[in-house]
1. Using alpha carbons only, how many angstrom separate the centre of the range 436-458 from the centre of the range 135-174?
2. For the pair Asp448/Leu176, report the inter-label distance in nm, with labels modelled 7 Å from Cα in the Cβ direction.
3. Hey, what do the phi angles of the range 489-502 turn into as Karplus ³J(HN,Hα) couplings, whole Hz, using 6.51/-1.76/1.60 and θ = phi - 60°, x for Gly and Pro?
4. Using Cα-Cα distances under 8 Å and only pairs 6 or more residues apart, what relative contact order does the range 156-211 have, in percent?
5. How far is the Cα center of the range 470-506 from the Cα center of the range 216-240, in Å?
6. Take every Cα-Cα pair in the chain and report what % of them are more than 45 Å apart.
7. What lysines sit close enough to Lys170 to cross-link, taking a C-alpha to C-alpha distance under 26 Å and skipping anything fewer than 8 places away on the same chain?
8. Each residue of the range 344-349 in order: what ³J(HN,Hα) in whole Hz does its phi give by Karplus 6.51 cos²θ - 1.76 cosθ + 1.60, θ = phi - 60°, with x for Gly and Pro?
Amino acid sequence: MTIANTPESGAPASDDIVEVTTGDPAVSAEPAATLVGTGGEWWRSAVIYQIYPRSFSDSDGDGIGDLPGITRRLPALGELGIDAIWLSPFMTSPQHDAGYDVADYCDVDPLFGTLADFDALLATAHGLGIRVIVDLVPNHTSWDHAWFREALAAAPGSAERARYLFRDGKGPNGDLPPNNWQSVFGGPAWERTTNPDGTPGQWYLHLFDRSQPDLDWENPWVRAQFEDILRFWLDRGVDGFRVDVAHGMVKAHGLPDYTPPADAGSMGGGVVGLEPEIDANAALDPPTPPYWAQEGVHEIFRAWHSVLSEYEGDRVLCAEAWVEPLTKLALWVRPDEMQQAFNFTYLSAGWDAAELRLVIDRSIAAFATVGAPSTWVLSNHDVVRHASRLALTAENPQGHGIGPDSPGLPDPVVGLRRARAASALMLALPGSAYVYQGEELGLPEVIDLPDEARQDPTWFRTNHERYGRDGCRVPIPWEPGEATYGFGPAGSAASWLPQPRDWDGYARASQEDDPESTLSLYKLALALRSSQALGTGELAWLPGYGDDVLAFTNGGVTVIANLGGTPVELPVGDLLLASEPLSEAALPADTTVWIRTAA
Ligand code: NOJ
């Protein structure tokens, strides 16, 4: 479809789409049997797809997804056009926080399969040219981990207790917690133990659920254990690690009291400040909590960087670090530390052109100072899905979630339209992008989960005040008309979180042959992103557009996103992609286009 000055009708015709993508070698999967030794610094521009194992595909019909289920469905991800998958934890765990409470870092929980199933998954992924990143949870273990059980059984002051942060309580009988820190999931961050004789004992720190005791990363023994754990997975052939709570592992000496500002999100991130003057170098430096972003974490990541460097290939560390400002987050990706850090400032930005432009500029500038690519992300298993979040009309701090009684619930039509426009914008940006399973189907947050189905510890620790994160974790639909939409085999148990009854249209199979579906939009965007080398390109803003419009070039592609109500005149050129069907040559509200304009 060529945009001239005459109105056109409909979305880009599929013939036009094929013209862009067919026969382009960059679109086909790498045929390599193993990826070790190929693709230097692939992570700089990669699209990395997050799989939440319990909600992706269930092979054995128990209602919970598993590793063989993932392996079976990998070809669908190959067709989508992603470069790598990140698997949320599948290691041995009592599942009090959906696997982010690990009881054995070097084994697979029977819920998800076996180590042999993992090896098969890895081999299949590599055969499809897909790299595999696993989740590492070093801030805390499960209370079922042998290290913690031994610590509980040992005396105060013992080497076993020194693995964790045990402290005596305050007050005459030690009845008060050692400090005023609150758990991310609500309630105090300390739990009191009971001595073998039944008397109350010491307290231990848990920044998350009480089933997740924090390790003491000042202890060299802890550091040595984790270097072995890294090697265990690197030896099996993984391409890298997503590092959970990479901003929290080291705490300030003396564990001083701290009261966070009211607008701090659950994971510690605040809200990006929109300043009247757009200055990419402005330092918005909020006070540093004594449990986040301590200087000492960097030494750990430098050591891990060295471990990864011992291995062939191009292995990566990606920080889950809720740190602001971006100039501070960039410290996580200095050349001798991690390769990537999630850009939660971008995820936290509203559907607002000025705010997004500010964050994009700041991100690119901040990461460039350390030679790292920016990353981009809109959804994951901890936040309200962006097909709902972008249409919320009330503040919703990260981690609080939404439910039937939340204020400002989204209009689903507006939400999906904005989500498609936002995804088309994100996938045109230079750097690496993260896609959360189901967003390529346009899935919304599930708002009306029955209370009795909710499982997020946040829901329980806040006495049902915060709904938590279950609404973005509902198992994804594959085929319409099946009991679990093909998530599990025929006749399988209900999925661990109930799926809405009206998801037929979201199912992958329903969207495959529809050129206007969200799945087709993602496939086209990923193919073009690859063939046009957008991930390694450079962004240049285009002058002359209104305040509600984001317009830039990335290589030979012009990207225009209209976030306002006034239609925007489009430049002459070949329309490569439109997030909504265009009925005229002007760009309507909440729509993004990619156009190849004449040089
Ligand atoms: C961040 C993870 O993404 C989240 O799901 C988990 O609850 C916390 N870290 C604690 O591990």
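Bear in mind these aren't lab numbers, they're just calculated from the coordinates by the rules spelled out. Keep in mind it's a predicted model, so treat the numbers as computed, not measured. For neighbour counting, all protein chains shown are included, and Cβ atoms are generated from backbone atoms with ideal geometry for every residue, glycine included.
1. So the separation of the two Cα centres works out to 33 Å.
2. Using points 7 Å along Cα→Cβ, the separation is 4.8 nm.
3. Once θ is set to phi - 60°, the couplings for the range 489-502 become x, 3, x, 6, 5, 4, 5, 4, 10, x, 8, x, 7, 10 Hz.
4. Numbers: 82 pairs, mean separation 18.4, N = 56.
Dividing the mean separation by the residue count of the range 156-211 yields 33 percent.
5. 36 Å
6. Values: 25014 of 179101 pairs.
Here the tail beyond 45 Å accounts for 14 percent of pairs.
7. Lys251
8. 6, 5, 5, 4, 7, 5
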